[in-house]
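Note sheet for the following structure.
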Amino acid sequence: MRIIVHSAKCQGHARCWAQAPKIFKLNDEGYILPGEISVEERDELLASRGARSCPERALEIDCPSDALLDRLLFNQHCRG
Ligand code: SF4
């Protein structure tokens, strides 16, 4: 799956980083780096926790590789 970063929404809470520091990279001021994050299948659960912990909804989860995981974790449909 991938995570689309909406960096303009980031307020530097670092909650994503606290959940998964290897996945969510912050700059020196604690704001998420811009761009998309590709997540390997083995890291999807951790990454989804981090993304959903963002109070600003700055981290958009896109297309988990496993449809069941999608349904269980996100309760949403993949946009394909
Ligand atoms: S949790 Fe959200 S607001 Fe906080 S650093 Fe991460 S992306 Fe930014």
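Structure notes:
- Count of residues meeting criterion [touching a strand residue (DSSP E or B) at 6+ places or on another chain (Cβ under 8 Å), surrounded by 15 or more Cβ atoms within 10 Å (Cβ to Cβ) and at pLDDT 95 or above] in the stretch 7-47: 9
- Any pair with Cβ under 6 angstrom, 6 or more apart, that starts in the stretch 48-59 at a residue that is modelled with pLDDT of 95 or more and ends at one that is among the β-branched types (Val, Ile, Thr): ALA51/ILE3; ALA51/ILE61; LEU59/ILE3
- Picking from residues in the stretch 1-39 that are assigned to a loop (DSSP other than H, G, I, E, B) and among the small types (Gly, Ala, Ser), the one that is nearest to the chain's Cα centre (by Cα) is ALA20.
The values are calculated or read from the model by the stated rules, or taken from the named source; none is laboratory data. This is a predicted model, so every value here is computed, not measured. With ideal geometry, Cβ positions are generated from the backbone for all residues, glycine too; neighbour counts draw on all protein chains shown.
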